[in-house]
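In what follows, a single structure is set out as structure tokens and then discussed.
The values are calculated or read from the model by the stated rules, or taken from the named source; none is laboratory data. This one's a predicted model, so the numbers in the text were calculated from it and none came from an experiment. Note: ideal-geometry Cβ built from the backbone for every residue, glycine included; neighbour counts use all protein chains shown.
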Amino acid sequence: MSGWVGSHDRVRSDGVAVDQPELNARMTGHGIGIGESTRVPALDIPILVAQRVRRRLPSLMRRLSKFTLVGASGSAMNMVIFSLLTTRLGMHYLFASTFAFELSMCSNYLLNNNWTFSDRRSRGAFSLLGLASYQAVSLAALGINLGVLQLLVGVFGLHPLAANVGAIGAGAVWNFSGSVFWTWRRTAAFARPATGE
């Protein structure tokens, strides 16, 4: 026997799984928390990672579906506001994009906090601290959004409305990653049982 791997089940390097709740309790969130007394052979780590990915994939896909629906609603709001500001009010497309982005971000936060990540929220239906965390993630996404928008309009000469679609998509990839791993990261202090996430 070459040793043990800490996981939802205790796993030997020969692939035989043995239940061990204590090790399972040490593993929270997306990290791989292993107790100091647990010896983990390097060759067994891929087994642990593969098991965790296999267990979490269905849940992650459900969460991604919800996040996508919320994002679609935010994108629709973004496009409507952006169109009104640029075509009706004559606002410069970069300023219009920033304003539209902020309004859709607030809408997305409320929907994600109360639906997509309802099992992870720790401060109720609305929280200024939670909004600030989501805002920080979104500001990075905004930078990506504006950079792609400027590139597509200023360099490639696309129409601002068409370019804005591509900019939204580029920012969305960052947004989901930041939401899962930071804004609504699962922690030992706040993790609650999932209720149909």
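Residue by residue, here is whether (1) acidic (Asp, Glu); (2) farther than 19 Å from TRP182 by Cβ; (3) at pLDDT 95 or above holds:
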| residue | (1), (2), (3) |
| --- | --- |
| ILE81 | no, yes, yes |
| MET105 | no, no, no |
| TYR109 | no, no, no |
| PHE126 | no, no, no |
| LEU142 | no, no, no |
| LEU146 | no, yes, no |
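Scanning the range 58-82 for residues that are within 20 Å of ILE144 (Cα to Cα) and either among the small types (Gly, Ala, Ser) or touching a Phe, Trp or Tyr at 6+ places or on another chain (Cβ under 9 Å) (or both) gives PHE67, THR68, VAL70, GLY71, ALA72, SER73, GLY74, SER75, ALA76, ASN78, ILE81, PHE82. Within the range 105-119, does at least one residue satisfy the condition of being outside any helix (DSSP H, G or I) and over 18 Å from TRP174 (Cα atoms)? Yes, some residue in the range 105-119 is outside any helix (DSSP H, G or I) and over 18 Å from TRP174 (Cα atoms).
For residues in the range 106-152 being in contact (Cβ under 8 Å) with a residue 40 or more places away in the chain and of a type in the set (Val, Ile, Thr), which is surrounded by the fewest Cβ atoms within 10 Å (Cβ to Cβ)? Out of the qualifying residues, it is VAL137.
Count, please, the residues in the range 153-186 that happen to be without any contact (Cβ under 8 Å) to a residue 40 or more places away in the chain, surrounded by fewer than 20 Cβ atoms within 10 Å (Cβ to Cβ), part of a helix (DSSP H, G or I) and more than 21 Å from the chain's Cα centre (by Cα). So the answer is 3.
In the range 73-93, the qualifying residues are those that are surrounded by fewer than 15 Cβ atoms within 10 Å (Cβ to Cβ) and part of a helix (DSSP H, G or I), and the one that is nearest to the chain's Cα centre (by Cα) is SER73.
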